[in-house]
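Please read the structure below before turning to the comments.
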Amino acid sequence: MSKTIVISAAADGIGWCITNSFLDKGYTVFASDINQKKIDVLNEHPLINNRLFIHRVDAGDPNLVKSYFESLKLSSIDAIINNVGIAGPTGTMEDISVEDWNQTIETNLNSHFYFTKYAIPLLKNNKGGSIVNLSSTGGIFGFPLRTAYAASKWAIIGITKSLAMELGEFNIRVNAICPGSVSGERMDRVIKAKAKSLGINENELREDFEDMVSLKTFVDKEDIANMAVFLLSEQAHRISGQIMTVDGNTERMD
């Protein structure tokens, strides 16, 4: 029987790479995203409405998330992966607007709460399962000029540790993945914004980001998806409450 998984922010980037990996493993995936253009592209996928079901959901709106779960009409699920996240503002704390701060916390942190809140009863009905939260190396290091992002990602570590304690008796495992610098459009935007804030060359900053890790390279989306697949596999059936970094070993973030 196909296992069932819910994945948020699943139509692009890391989220789609994770989604595609689980489709390849035979899972039935209930995916959501806020980007309608990306959803429209995936509506042409050969598995759509067979093992891939995708809906537009604003993960920062608790009422919409609640309605989304109700619309799925699922009695149980095997896993949920919380992937929603934005880069947030770049700048010193005194220069960050209240609006940008609140949007980052609402998107990166509160969305995990909303999705997990409505997923837990379905995992309990399944007599066990797995929750995987996407944090960041920014959630285990300080991250100057990215305080809103770092604060939200540190909080996800706290959620992960606490939920692992709460849900262990129900055979529900909870872990977090902390990607480092992931190659792609999002990292390109981060580098551009930080280079502008510091008044330095983008290429120099990119090289500095690479120099922050022992392996001197960015990681790929596939590296993150591989970790997600492992954490939901039988090989990881005794792993819970863990913070799994996929980053080439970050040495510093400055």
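None of the figures in this text is laboratory data; all of them are computed from the coordinates on show. As the structure is a prediction and not an experimental result, all values here were calculated from the model. Cβ sites come from the backbone with ideal geometry, for glycine too, and all protein chains shown count toward neighbours.
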task = Taking the Cβ of residue 63 as the centre, find all other residues whose Cβ is under 15 Å away and add up their charges (Lys, Arg: +1; Asp, Glu: -1).
result = -1
ask   = Which Cα, out of 193, 178, 205, lies furthest along the positive dipole direction of segment 160-208 (beta carbon charges, K/R +1, D/E -1)?
value = 193
ask   = If packing is taken as the mean number of other Cβ atoms within 10 Å per residue, what is the order of 231-242, 126-137, 3-14, highest first?
value = 3-14, 126-137, 231-242
inquiry  = I'd like to know how the chain sits against the 2.2 N^0.38 Å rule of thumb: what's its Cα Rg over that expected value?
reply    = 0.99
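So what is the calculated 222 nm ellipticity per residue for the chain, using -39500 (n - 2.57) for each DSSP H run with n of 4 or more, over all residues, to the nearest 500 deg cm²/dmol? Mind dumping the intermediate values first?
Working: 9 runs with 109 residues, N = 254.
Result for the chain: -13500 deg cm²/dmol, rounded to the nearest 500.
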message = Placing unit charges on C-beta atoms (Lys and Arg positive, Asp and Glu negative, everything else neutral), compute the dipole magnitude of segment 89-204 about its Cα centre in debye, rounded to 20.
response = 480
query = List the lysines whose alpha-carbon lies under 27 Å from that of residue 3, not counting same-chain residues fewer than 8 positions away?
reply = 25, 38, 66, 73, 117, 124, 127, 161, 221
